[in-house]
Number of protein chains: 2
Amino acid sequence: VTYGLGILLRDGLILASDSRSNAGVDQVVRVKKMTIYEQPGARVMFLLAAGNLATTQSVTEYLEQSFDTGTLQDLYAAATLFDAVQIIGDLLRGQIARDGPYLGAGEGDASFLFGGQIAGSEHRLFLVYPAGNFIEASERCPYLQIGETKYGKPILDRTIDPDLSLEEATKVALLSFDATMRSNLSVGPPIDLVRYRAGSLTADQVHEFDSDNAYLRALSKAYSEGLAELVQRMPVIDTPPLG
Amino acid sequence: VTYGLGILLRDGLILASDSRSNAGVDQVVRVKKMTIYEQPGARVMFLLAAGNLATTQSVTEYLEQSFDTGTLQDLYAAATLFDAVQIIGDLLRGQIARDGPYLGAGEGDASFLFGGQIAGSEHRLFLVYPAGNFIEASERCPYLQIGETKYGKPILDRTIDPDLSLEEATKVALLSFDATMRSNLSVGPPIDLVRYRAGSLTADQVHEFDSDNAYLRALSKAYSEGLAELVQRMPVIDTPPLG
């Protein structure tokens, strides 16, 4: 199972993903679910995959084969991020259609988070559904999730704000992963996390957090202790029982 | 959608449920999902339902029709809670089998939390699956959930301990509901919550929390503010980026 998270901030973007994949009980492997497409100074794009690994690997392979071909599938030739995300949606549709007859209903499904910036335009963030259509993050909906999304959602709903700094939002993103990994053992480290500062047009803040990463462990421990204290500080029930 | 939670403490039990049910977009209604069976001084049992409302209402109806009949389906005649939960599992199997041919696969499914105490025995807590089989809570697995379980799980994983007092565990239970209601609008108040003190053999601490309940609102607000402060206090990332 995968958990993927994208956060749209005024200051930039955060994208994060775990690296665990399982194709049956005996085949739990670590795979890179985040791909970075970079032309420093011109464009930076981040692609994050969840779902059937055969589907998502085929889509990223087709994307790579089309680089600098100048064709309609060339991410580097797309004039806008909207055009670029449409390429991804189309490739996803094609792959699901090709594999579909040989798989159970929905078995080949996959989804993507796609974000980045092209020189002269704003930074943007999208979620591509298995149907190949997509939605965009906005100030009112500043984060998007794919895969195992529920465990990590409550902390986002309580704390994410598009005005958070990249540093603050990084904490929240990692805590959202920590919550997910505690509650679902099939989501696991390492966590790949990229912080993109709007306007920088370069992917120079890529992090990988292993399970023994000192910062991740310290953050998780401090948060758990702080949360237990917080609950202790909460008022106890003062409403009289009904009967 | 329903969220139901049961917590097994050394001091007793907590069972809580929301009250929203939807059978299609236009039929969102409030229903009681918690039933209390009480013979003060002799036995107290709590039943909490999730899933297909037709299924769960039929099961509770059959239970009621069998009260004091002395038959094998009589919850008040069951010698142990194990025998009692088996009655519920059997009735659930029967109802799903009866309705199954007229419904889509899994459509009639339901699950229950069942807990209580019979004089002379320990207090216990069970989860009955749609298959009619069941598991029991224990010191190592002190809480059980039914329905929309994921949003409310992280706070339980971080804070529930069988040694918590009923008052402390009530806070955690309500915060687990608060997290769920924030992230899934189809889980909604009022929340029915019962606290059972082991050995009391009476259901005298039954609460109903409406959306405008002063305590629930104060708790939710204080927790959200406290959580935002907690995240702010967390250390910022000190790991250098990979590139």
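Computed from the coordinates by the stated procedures, all read-outs in this text should not be read as laboratory data. Keep in mind it's a predicted model, so treat the numbers as computed, not measured. A quick note on method: Cβ atoms are made from the backbone with ideal geometry, for glycine too, and the neighbour counts reach across all protein chains shown.
Within the stretch A:142-160, can you find the residues that are at the interface with chain B (Cβ under 9 Å from one of its Cβ atoms) and in a loop (DSSP other than H, G, I, E, B)?
Passing the criteria: A:GLU148, A:THR149, A:LYS150, A:TYR151, A:GLY152.
Under 9 Å by Cβ, and 6 or more places apart or on different chains, what pairs join a residue from the stretch B:94-111 that is surrounded by fewer than 12 Cβ atoms within 10 Å (Cβ to Cβ) with one that is not in a helix (DSSP H, G or I)?
Note: pairs meeting the criteria are B:TYR102/B:GLY108; B:GLY106/B:PRO130.
When the stretch B:164-184 is examined, which residues are found to be more than 8 Å from every other protein chain (Cβ to nearest Cβ) and either touching a Lys or Arg at 6+ places or on another chain (Cβ under 6 Å) or assigned to a strand (DSSP E or B) (or both)?
The answer is B:LEU166, and nothing else.
Going by the structure shown, is A:ILE87 among the β-branched types (Val, Ile, Thr), crowded, with 16+ Cβ neighbours inside 10 Å and touching a residue at least 60 places away in the same chain (Cβ under 8 Å)?
On the way: among the β-branched types (Val, Ile, Thr): yes; crowded, with 16+ Cβ neighbours inside 10 Å: yes; touching a residue at least 60 places away in the same chain (Cβ under 8 Å): no.
Taking the combined requirement at face value, the residue does not satisfy it.
As an exercise: evaluate A:VAL236 against (1) facing another protein chain (nearest Cβ under 7 Å); (2) over 30 Å from B:VAL206 (Cβ atoms); (3) β-branched (Val, Ile, Thr) and give the number of the one condition it does not meet.
(2)
On the basis of being among the β-branched types (Val, Ile, Thr) and facing chain A (nearest Cβ under 9 Å), does B:VAL187 make the cut? Please lay out each step first, then the result.
Values: among the β-branched types (Val, Ile, Thr): yes; facing chain A (nearest Cβ under 9 Å): no.
Taking the combined requirement at face value, the residue does not satisfy it.
A quick yes/no check of all residues on (1) closer than 12 Å to A:ILE7 by Cβ; (2) buried (at least 19 other Cβ atoms within 10 Å of the Cβ):
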residue	(1), (2)
A:PRO154	no, yes
A:LEU174	yes, yes
A:MET181	no, yes
A:SER186	no, no
A:GLN205	no, yes
A:ALA214	no, no
A:SER220	no, yes
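Mind checking whether some residue in the stretch B:173-196 is of a type in the set (Ser, Thr, Tyr), over 23 Å from B:ILE146 (Cβ atoms) and within 22 Å of the chain's Cα centre (by Cα)?
So in the stretch B:173-196, the residues of a type in the set (Ser, Thr, Tyr) come out as B:176, B:180, B:183, B:186, B:196.
Remaining after also requiring over 23 Å from B:ILE146 (Cβ atoms): none.
Taking every residue of the stretch B:173-196 in turn, none turns out to be of a type in the set (Ser, Thr, Tyr), over 23 Å from B:ILE146 (Cβ atoms) and within 22 Å of the chain's Cα centre (by Cα).
Checking the structure you have, find out if any residue of the stretch A:209-219 is of a type in the set (A, V, I, L, M, F, W, C), in contact (Cβ under 8 Å) with a residue 24 or more places away in the chain, outside any strand (DSSP E or B) and at the interface with chain B (Cβ under 9 Å from one of its Cβ atoms). First the steps, then the outcome.
Here is the first cut: in the stretch A:209-219, the residues of a type in the set (A, V, I, L, M, F, W, C) are A:209, A:214, A:216, A:218-219.
Keeping just the survivors that are in contact (Cβ under 8 Å) with a residue 24 or more places away in the chain gives A:209, A:216, A:219.
With the extra rule that they be outside any strand (DSSP E or B), the set shrinks to A:216, A:219.
Pick out the ones that are also at the interface with chain B (Cβ under 9 Å from one of its Cβ atoms) and you get A:216, A:219.
Yes, there is a match, as at least one residue in the stretch A:209-219 is of a type in the set (A, V, I, L, M, F, W, C), in contact (Cβ under 8 Å) with a residue 24 or more places away in the chain, outside any strand (DSSP E or B) and at the interface with chain B (Cβ under 9 Å from one of its Cβ atoms).
Which numbered condition trips up A:LEU227, out of (1) in contact (Cβ under 8 Å) with a residue 40 or more places away in the chain; (2) crowded, with 19+ Cβ neighbours inside 10 Å?
(1)
Within the stretch A:190-203, which residues are more than 9 Å from chain B (Cβ to nearest Cβ), crowded, with 19+ Cβ neighbours inside 10 Å and more than 19 Å from A:ILE160 (Cβ to Cβ)?
Matches in the stretch A:190-203: A:PRO190, A:ASP192, A:LEU201.
Are any of the residues in the stretch A:83-100 of a type outside the set (A, V, I, L, M, F, W, C) and closer than 26 Å to A:ALA179 by Cβ? Steps first, please.
Taking the stretch A:83-100 as the starting set, the residues that turn out to be of a type outside the set (A, V, I, L, M, F, W, C) are A:83, A:86, A:89-90, A:93-95, A:98-100.
Filter once more, keeping what is closer than 26 Å to A:ALA179 by Cβ: none.
No.
Return a yes/no flag: does the stretch A:63-84 have any residue that is over 20 Å from A:TYR129 (Cβ atoms), in contact (Cβ under 8 Å) with a residue 40 or more places away in the chain and either aliphatic (A, V, I, L, M) or in a helix (DSSP H, G or I) (or both).
no
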